[in-house]
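Scroll down for the structure; my scribbles are underneath it.
The values are calculated or read from the model by the stated rules, or taken from the named source; none is laboratory data. Since we're looking at a predicted model, the values are computed, not measured. Neighbour counts are summed over all protein chains in view; Cβ atoms, including those assigned to glycine, are modelled from backbone coordinates with ideal geometry. Quick note on the areas: whole protein, heavy atoms, side chains included, nothing else; ligands and nucleic acids left out. Shrake-Rupley method; radii C 1.70, N 1.55, O 1.52, S 1.80 Å.
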Amino acid sequence: PDMVAGHSLGEFSALVANGTLTFEDGLILVSKRAMAMQKACELAPSTMAAIVGLEDAVVEEVCNSIDDVVVPANYNCPGQLVISGSVAGIDKACVILTEKGARMAIKLVVGGAFHSPFMEPAREELAAAIESTKFSKPVCPVYQNVNAQATSDPEVIKQNLIAQLTAPVRWTQSIQQMIADGATEFTEVGPGKVLQGLMRKIDRNVTANAAVLQDL
């Protein structure tokens, strides 16, 4: 590939695809990330909600106005933003966002508030695992979730991967930046067509296909 990106957990897959991580190290880090996040979820009740049909700025404004922890978590595509936070905070946000015209403001069936301050304990635990893992110079840049910018620097990749647990996934912005940098054809690797669907909502002028995966 000329460039890679991955949505949340998928960023680890992207880093295997561009040679930053070995497949084995990728598996180990994904496992440690899952265990650390599970522990963080058990410390305090928290949740997420999908907001559809509002501009990002409106959702951000509402999140900032609530006196509980509520933050943007996943910028999936224009008009689709997932928020993350305390149970009470998400409940308040859903009511306000519905009043402001959201077509959908529905709580998700998840274990906790991912990509929010609630994941700080997991971030600290994952940081130790990432720092002790070899990150190689990749064959092409990765556009990382935390800032939607391209990098090929292993140390920068590490720090951005650590920050990802408590920062929003800027998927819309990442795809827009990849297109601005010359991407015209995207291949989704893995089951399903979720990312292809998001791509059509971000920019219909580029091609999005599924990878053909064959048994070896």
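Filtering the range 161-186 to residues that are surrounded by fewer than 19 Cβ atoms within 10 Å (Cβ to Cβ) and closer than 28 Å to residue 126 by Cβ leaves 163, 173, 176, 177. If you check 55, 24 for being more than 30 Å from residue 137 (Cβ to Cβ), surrounded by fewer than 21 Cβ atoms within 10 Å (Cβ to Cβ), modelled with pLDDT of 95 or more and of a type outside the set (Lys, Arg), only one passes: 55. For the range 75-89, filtered to residues that are of a type in the set (Gly, Ala, Ser) and over 12 Å from residue 44 (Cβ atoms), the residue that is least open to solvent (accessible area, probe 1.4 Å) is 84.
Is it true that some residue in the range 65-88 is assigned to a helix (DSSP H, G or I), in contact with a helix residue (DSSP H, G or I) (Cβ under 8 Å, 6 or more places away or on another chain) and modelled with pLDDT under 95? Looking through the range 65-88, none of the residues is assigned to a helix (DSSP H, G or I), in contact with a helix residue (DSSP H, G or I) (Cβ under 8 Å, 6 or more places away or on another chain) and modelled with pLDDT under 95.
Within the range 143-155, is there a residue that is buried (at least 19 other Cβ atoms within 10 Å of the Cβ) and among the hydroxyl-bearing types (Ser, Thr, Tyr)? Outline the logic, then answer.
Step one: of the range 143-155, the residues buried (at least 19 other Cβ atoms within 10 Å of the Cβ) are 143-146, 148.
Filter once more, keeping what is among the hydroxyl-bearing types (Ser, Thr, Tyr): 143.
Yes, some residue in the range 143-155 is buried (at least 19 other Cβ atoms within 10 Å of the Cβ) and among the hydroxyl-bearing types (Ser, Thr, Tyr).
Taken as a whole, the condition of being open to solvent by less than 40 Å² (accessible area, probe 1.4 Å) and touching an Asp or Glu at 6+ places or on another chain (Cβ under 6 Å) applies to residue 36.
Residue 65 passes every criterion in (1) of a type in the set (S, T, N, Q); (2) open to solvent by 10 Å² or more (accessible area, probe 1.4 Å); (3) under 19 Å from residue 119 (Cβ atoms) apart from (3). Residue 137 versus (1) open to solvent by 40 Å² or more (accessible area, probe 1.4 Å); (2) more than 19 Å from residue 11 (Cα to Cα): which is the lone unmet condition? Residue 137 satisfies every listed condition except (2). Taken as a whole, the condition of being aliphatic (A, V, I, L, M) and farther than 24 Å from residue 181 by Cα applies to residue 110. Among the criteria (1) assigned to a loop (DSSP other than H, G, I, E, B); (2) surrounded by fewer than 22 Cβ atoms within 10 Å (Cβ to Cβ), the one residue 92 does not fulfil is (1). Got a number for residues in the range 123-136 being free of Cβ contacts under 8 Å to residues at least 60 places away in the same chain and assigned to a loop (DSSP other than H, G, I, E, B)? Of the residues in that region, 1 qualify.
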